[in-house]
1. Does region 33-50 contain any residue that is within 14 Å of the chain's Cα centre (by Cα), under 22 Å from His165 (Cα atoms) and crowded, with 24+ Cβ neighbours inside 10 Å?
2. Can you tell me which of (1) closer than 23 Å to Gly94 by Cα; (2) in contact (Cβ under 8 Å) with a residue 60 or more places away in the chain; (3) crowded, with 20+ Cβ neighbours inside 10 Å is the one Ala117 doesn't meet?
3. Could you list, in sequence order, all residues of region 121-174 that are of a type in the set (Lys, Arg) and surrounded by 14 or more Cβ atoms within 10 Å (Cβ to Cβ)?
4. Is there a residue being farther than 22 Å from Leu52 by Cβ, over 15 Å from the mean Cα position of the chain (by Cα) and touching a residue at least 24 places away in the same chain (Cβ under 8 Å) anywhere in region 70-89?
5. Of all residues in region 51-69, which are over 21 Å from Arg131 (Cβ atoms), part of a helix (DSSP H, G or I) and in contact (Cβ under 8 Å) with a residue 24 or more places away in the chain?
6. Name the residues in region 71-91 that are touching a helix residue (DSSP H, G or I) at 6+ places or on another chain (Cβ under 6 Å) and part of a helix (DSSP H, G or I), would you?
Amino acid sequence: MAQSENHDEAAHDSQSRVVDSDALLAKVLTVSDGVVAGDREDRSGAALVSSLTSAGFEVVEHRVVADGVSSVAESLSEMISDFAGLIITTGGTGFTERDLTPEGTLQVIERSAPGIAEAMRLTNPLGRLSRGVAGIAGKTIILNTPGSTAGCVECFEAVADVVPHALRLLHGERLH
């Protein structure tokens, strides 16, 4: 029960600070059947939280969901509600039958950001195996990263320099 209360407090807290243009808010969504089942530790989600924090983001939510189009789409839809910031997913971007994070994300995003997805893929030769997408839903940027600890961090770090600028543009700042 305490986790549910903390989740509600974090969600309320992030919603009340949506209007703070100086805050860089982020959420992490780990997509993994193994983590949901308790068979694996969520190392990639924890690594993303650490990397985001180091980059100046305040991580206001971290949740785990099972692989699947509908589970990803439903979680992302809930996470973008009354939120202005960055959501990074980890997991489900590869070639296995259960890797459906991009398909779930595509059900939620309104506009794609292919340059960001391409930049993330260029960080490592294995990046070419990622089917991850990047896009915009409301006032939120969503990035899909691989489920490996190193891969998700490398992908975020490849675009960490431009994401704050993109968020400011998305939130209506005139920077040019």
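1. So far as region 33-50 goes, yes, one or more of its residues are within 14 Å of the chain's Cα centre (by Cα), under 22 Å from His165 (Cα atoms) and crowded, with 24+ Cβ neighbours inside 10 Å.
2. Looking at each condition in turn, Ala117 falls short on (2).
3. Result: Arg121, Arg131, Lys139, Arg168.
4. Yes; the residues of region 70-89 include at least one that is farther than 22 Å from Leu52 by Cβ, over 15 Å from the mean Cα position of the chain (by Cα) and touching a residue at least 24 places away in the same chain (Cβ under 8 Å).
5. Of everything in region 51-69, those that are over 21 Å from Arg131 (Cβ atoms), part of a helix (DSSP H, G or I) and in contact (Cβ under 8 Å) with a residue 24 or more places away in the chain turn out to be Ser51, Leu52.
6. Val72, Ala73, listed by residue number.
Coordinate-derived values only; no laboratory data. All of these numbers come straight from a predicted model, not from anything done at the bench. Because the Cβ atoms are built from the backbone with ideal geometry, glycine has one as well, and the counts that use them run over all protein chains shown.
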